[in-house]
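So the structure is just underneath, and the comments pick up after that.
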Amino acid sequence: MESRPLLSAPSKFPSWTLFLAVCSVGIGGTFQYGYNVSIINAPTQHIHKFLNETWASRYHVELNPNLLTFLWSVIASIFSLGGLCGALIGGSMAIQLGRKGALLMNNIIAILAAILMGISFPTGLFELLIVGRFLIGINSGVGLCVQPLYLGEVAPKHLRGGMAMGSSIFLTGGILTGQIIGLREILGAEAYWPLLLSSSCVPAFAQLLFLPWFPESPRYLLIDRGDELSCAKALKRFHGSSQYQREMEDIQRECFALDGEKPKKPWQLFTDRAVRWQLVTVVVMTMGQQLSGINAIYFYATYVFEQAGISTEKIPYVTLGTGACECLTALTCGLLIDRVGRRYLILGGYLLMTLWSVVLTFSLTYQELYPWVPYVSMMSIFAFILSFGLGPGGITNTLTAEIFVQSSRPAACMIGGTMSWISFFTIGMLFPFIVRGLKQYCFVVFLLECSLVAAFIFLVIPETKNKSFLEIKKEFHKLNFGGKSKEKETELNERSQLHDEY
């Protein structure tokens, strides 16, 4: 009878400090990425007008339509270039400044970007808008890299998946918030678009206000800095005085197994056989997430809504439903991930996306044949978004943070972030040509991609639920070393036993 509370205790959230730390990290991390991806859509026509008027007043000639398209493309796409730069420096910042320090410093970039975008209109300098978008891209790239590191390292083992899903929850929350703030009744009107773009400083100020009250990552303090006292204090605040000891022992065990190994550089991972399949997993998963067809879904959404009889004025409000779908599934995934497991959710997500790609291909092909077909297309769009949010949308970053030990994790996040931004940029460049050439049959390409990624997950990726970082490392030894995996596993076990005896 007395054992029941002990069995149920691990499923509870350890402390309010841990929950509030997740919120403080998220508001200035992946929330910024989702928010800034979303808000740029609302003022498109207003920025076009600003570019035309600025060019005319400066050079006394009208802006060539082709040059206008080019300038707008630069403003929109420079964000992804900044994100790539942010991913490349995010890991180094996390090592040099700490996870918390890197996130705090990152807010200075966001505030500077907001100021430049805000004053671009009154000063008549559209160049400031380009620089601002580049800087906010850097901010987003750093946030996408460092936030999963912090969340994965402060979380207790039994809640690591749900807490790591905080990255996806805040990202989708940022997208939905940006869609709401961008409505013409709020900041989407022509007079307010500079305020809309500069509003990204609000999350930055919020994080600067709240995050300093929370401790640094305990794993970073002990393994990277060797500060056992600060690590113990941080764990007590996060997990409570009665529960922190178990987490402390897990960190000490990993520290002992690493035997003083310094944080690795990204290029060192490519030559390290011990992380070969972990690295392949990161590359496949991050590319698969970006190339899954989610961008095609949003492209076709407006067309499908119009075919279903929704007026052009009301489409922005219907589009809010897509953002709400993503946010809802991120929350659902966060609740399920530590019960169902990462492998089943992400595998199921890709298989469902494959199914809905087939349905959408057929419904778009026969869109005008029957009056009810557009509603099938609408249902398929929402179902595809729900399937994406249930698995690939959130678990990808969770896995990246889980399948590497402390010395390799920052470099792995840098590589994963870099691949993600390159894929994001590539699909942005190629997608219009794919759609123009294949039309609705473009989803055949995406269903093939989703099915191939699902096959990779089924064959390669082990379940990581309720496993320590060392236990996950052992799971990959069989793939990395083949017949030598038993020798390596024995070596790891001996190190762990020596630590326990010590």
Filtered residues of the stretch 354-376 (kept if open to solvent by 10 Å² or more (accessible area, probe 1.4 Å) and assigned to a loop (DSSP other than H, G, I, E, B)): TYR366, GLU368, LEU369, TYR370, PRO371, TRP372
Would you check if VAL460 is open to solvent by 20 Å² or more (accessible area, probe 1.4 Å) and either touching a helix residue (DSSP H, G or I) at 6+ places or on another chain (Cβ under 9 Å) or of a type outside the set (A, V, I, L, M, F, W, C) (or both)? yes
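Could you go through the stretch 281-288 and let me know if any residue there is closer than 30 Å to TYR375 by Cβ and either in contact with a Phe, Trp or Tyr (Cβ under 8 Å, 6 or more places away or on another chain) or surrounded by fewer than 20 Cβ atoms within 10 Å (Cβ to Cβ) (or both). Explain how you work it out, then say what you get.
Going through the stretch 281-288, the residues closer than 30 Å to TYR375 by Cβ turn out to be 288.
Still in the list and also either in contact with a Phe, Trp or Tyr (Cβ under 8 Å, 6 or more places away or on another chain) or surrounded by fewer than 20 Cβ atoms within 10 Å (Cβ to Cβ) (or both): 288.
For the stretch 281-288, residues closer than 30 Å to TYR375 by Cβ and either in contact with a Phe, Trp or Tyr (Cβ under 8 Å, 6 or more places away or on another chain) or surrounded by fewer than 20 Cβ atoms within 10 Å (Cβ to Cβ) (or both): present.
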Hey, any hits in the stretch 301-314 for a residue that's surrounded by fewer than 19 Cβ atoms within 10 Å (Cβ to Cβ) and under 23 Å from SER451 (Cα atoms)? no
Selection count where residues are within 19 Å of the chain's Cα centre (by Cα) and closer than 26 Å to ILE472 by Cα, scope the stretch 349-378: 2
Over the stretch 262-291, the set of residues charged (D, E, K, R) and without any contact (Cβ under 8 Å) to a residue 12 or more places away in the chain is none
Out of the residues in the stretch 163-181 that are touching a Leu at 6+ places or on another chain (Cβ under 7 Å) and small (Gly, Ala, Ser), state the one that is surrounded by the fewest Cβ atoms within 10 Å (Cβ to Cβ). GLY166
Which condition number does SER292 fail, the rest of (1) open to solvent by 10 Å² or more (accessible area, probe 1.4 Å); (2) polar (S, T, N, Q); (3) not in a helix (DSSP H, G or I) being met? (1)
Number of the condition not met by TRP193 [criteria: (1) touching a Pro at 6+ places or on another chain (Cβ under 7 Å); (2) surrounded by 21 or more Cβ atoms within 10 Å (Cβ to Cβ); (3) closer than 21 Å to ARG219 by Cβ]: (3)
Among the candidates LEU229, LEU222, LEU209, LEU235, which residue alone is without any contact (Cβ under 8 Å) to a residue 12 or more places away in the chain, assigned to a helix (DSSP H, G or I) and farther than 25 Å from GLY132 by Cα? LEU229
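The values are calculated or read from the model by the stated rules, or taken from the named source; none is laboratory data. Every value quoted in this text rests on a predicted model; they were computed, and no experiment measured them. Quick reminder, even Gly has a Cβ in these numbers, built from the backbone with ideal geometry, and neighbours come from all protein chains shown. Please note that ligands, DNA and RNA were not included when accessible areas were found on the heavy atoms of the full protein model with its side chains. Shrake-Rupley method; radii C 1.70, N 1.55, O 1.52, S 1.80 Å.
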